[in-house]
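Heads up, the thing below is written out as structure tokens.
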Amino acid sequence: MKTILTLLVLFSTVAFTPVTIDKGYDIGDIAADFKLENIDGNFVSLSDFKAAKGFIVVFTCNTCPYAVAYEDRIEALNKKYAKKGYPVIAIMPNNVETKPGDSMEAMQKRAKEKGFTFPYLMDADQSIYPKFGATKTPHVYILESTNRGPVVQYIGAIDDNYKAAALVKTKYVENAVDALLNGSAVEVPKTRAIGCSIKI
């Protein structure tokens, strides 16, 4: 009887012990720099982009249908905004043992096939995406370069329709970057990211 009571007490303690979960960055937070391997074998950090006004950081991958549906739009964002000071920095966050289709070799192949013009980095030890709080592919974080460091100004989806670019009514990322370039506040700083869960 004592054993049963002891087990019940232990279970209750474990079941109701508060668990602290790091939810990642919020709007206004300063994002820490990182150093991740690019598909070309070089390592890339935010600090490498000395003239950048900010960054469009996109957690994405090869294997998620949502991420694949957004590939052309991610490339279009880089072509439009890199020259204006907001380059795309793509990061693949999945565990490659769980998702072999997201290996570095697969990333290199996909980037070549699609003609990616942005860095496509691997979060090999899966230490970066939790800091951001990313949970989906794709999941976007717009950072604004300031004297204090890169400030998070937008978190969420690229736009309001993952199915087809032609059906998009609201371009969340473009609207946010345009506002920042104009010195204005981001009107919609947070949206819900739609995509596949990051594989651990």
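The values are calculated or read from the model by the stated rules, or taken from the named source; none is laboratory data. Computed from a predicted structure; not experimentally measured. Heads up, the Cβs are rebuilt from the backbone with ideal geometry, glycines too, and the neighbour counts pull from every protein chain shown.
Of all the residues that make up the range 38-51, how many are in a loop (DSSP other than H, G, I, E, B), under 18 Å from the mean Cα position of the chain (by Cα) and aliphatic (A, V, I, L, M)?
Residues that pass the stated criteria total 1.
Can you tell me which residues in the range 143-200 are surrounded by 19 or more Cβ atoms within 10 Å (Cβ to Cβ) and closer than 14 Å to L77 by Cα?
Scanning the range 143-200 gives A157, I158, D159, Y172, V173, A176, V177.
Can you tell me which condition P138 does not meet? The list is (1) over 15 Å from the mean Cα position of the chain (by Cα); (2) within 18 Å of V173 (Cβ to Cβ), and all the others hold.
(1)
Residue by residue through the range 181-200, note down the ones that are in contact (Cβ under 8 Å) with a residue 12 or more places away in the chain, assigned to a loop (DSSP other than H, G, I, E, B) and out of contact with any helix residue (DSSP H, G or I) (no Cβ under 7 Å at 6 or more places or on another chain).
P189, R192, A193, K199, I200
For the range 157-180, how many residues are part of a loop (DSSP other than H, G, I, E, B) and either farther than 22 Å from G24 by Cα or modelled with pLDDT under 95 (or both)?
Residues flagged as part of a loop (DSSP other than H, G, I, E, B) and either farther than 22 Å from G24 by Cα or modelled with pLDDT under 95 (or both) within the range 157-180 amount to 9.
Could you run through the range 34-48 and say how many residues are surrounded by fewer than 19 Cβ atoms within 10 Å (Cβ to Cβ) and either free of Cβ contacts under 8 Å to residues at least 60 places away in the same chain or under 15 Å from G85 (Cβ atoms) (or both)?
8
Would you call A111 closer than 27 Å to K23 by Cβ and among the aliphatic types (A, V, I, L, M)?
So A111 does not fit the description; no.
From the list A69, A111, A82, which one is more than 22 Å from Y172 (Cβ to Cβ) and either assigned to a loop (DSSP other than H, G, I, E, B) or touching a residue at least 12 places away in the same chain (Cβ under 8 Å) (or both)?
Just a single option satisfies the conditions, and that option is A111.
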